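Worksheet: the structure to be examined is printed underneath.
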Amino acid sequence: MAESKRIALMVTCIVDQVMPEVGMAAVRLLRRAGYTVEFPQEQTCCGQPFFNSGFRERALPLVKRAIEIFEPYDAVVAPSGSCTTMMRAEYPHLLEPWPDWHARAQALAAKTYELSEFLVHQAQWQPQANPHAPRVTYHDSCHMNRMLHLHDEPRSLLEAAGCTLVEMVDPGRCCGFGGIFSVRMPELSNAMTGEKLRRAVATETDLMVTADPGCLMQMRGLAEGLRIEHVATVLEELTR
């Protein structure tokens, strides 16, 4: 059982607006790991869309608001590698010119975790194997894989839950989402997505799993006959 601490769920915009089941699954998993989870109702966007578009000044109010909302908690957990990267890597960098805010950003960054990372390293949660677990292939999102260097964590949880993992060719190849990239260059983005989906289908597994809602939204939009799920919903279903 985990120590009693105040854990906040940073739900992310896509989860909140498009796939709330991912947020609910994340809360259930954290509770099964022994934590009390709170959902700050006043939370908004982490500021990443503005930041990635080059509008850093417009991102600042959202960044400062997020710091104010989440700094009272002992840990902040997000079911998204990209939003975790924004809060952990970019907040301190963005606020360097303001020493007080920079220190607060560093403090928040030190206690912000991607969901699978938190379950493995902080909660040390080990799911029981489900004999009916599917064969899966896993897609590494760019931010999570390259910025946070999280590769084994979601895989270890899926395998512990009983899944047979079949790696596709180059699982870290970009799915084509890239946030604003998919809007600015849709033809190139969709071509990249198509290639990713072909590689997933070639594994002949039951479904593809990812830990980033943006990747999930992008790939689901073009998938035909391929089931794609967030790691949180897969783990939650297998460990009921």
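The values are calculated or read from the model by the stated rules, or taken from the named source; none is laboratory data. Quick caveat, the model's predicted, so the values are computed rather than measured. Here the Cβ is made from the backbone with ideal geometry for all residues, glycine too, and neighbour counts use every protein chain on show.
Identify all residues within the stretch 111-154 that are within 19 Å of Glu229 (Cβ to Cβ), out of contact with any strand residue (DSSP E or B) (no Cβ under 7 Å at 6 or more places or on another chain) and among the small types (Gly, Ala, Ser); write none if there are none.
Ser116, Ala129, Ala133
Going through the stretch 135-175 one residue at a time, which ones are in a loop (DSSP other than H, G, I, E, B), surrounded by fewer than 19 Cβ atoms within 10 Å (Cβ to Cβ) and touching a Leu at 6+ places or on another chain (Cβ under 8 Å)?
Gly162, the sole residue that qualifies.
Please determine whether any residue of the stretch 37-44 is buried (at least 18 other Cβ atoms within 10 Å of the Cβ), out of contact with any strand residue (DSSP E or B) (no Cβ under 9 Å at 6 or more places or on another chain) and free of Cβ contacts under 8 Å to residues at least 40 places away in the same chain.
Within the stretch 37-44, not a single residue is buried (at least 18 other Cβ atoms within 10 Å of the Cβ), out of contact with any strand residue (DSSP E or B) (no Cβ under 9 Å at 6 or more places or on another chain) and free of Cβ contacts under 8 Å to residues at least 40 places away in the same chain.
Please work out which one of (1) of a type outside the set (Gly, Ala, Ser); (2) at pLDDT 90 or above; (3) surrounded by fewer than 15 Cβ atoms within 10 Å (Cβ to Cβ) is the condition Glu224 fails and give its number.
Every condition holds for Glu224 apart from (2).
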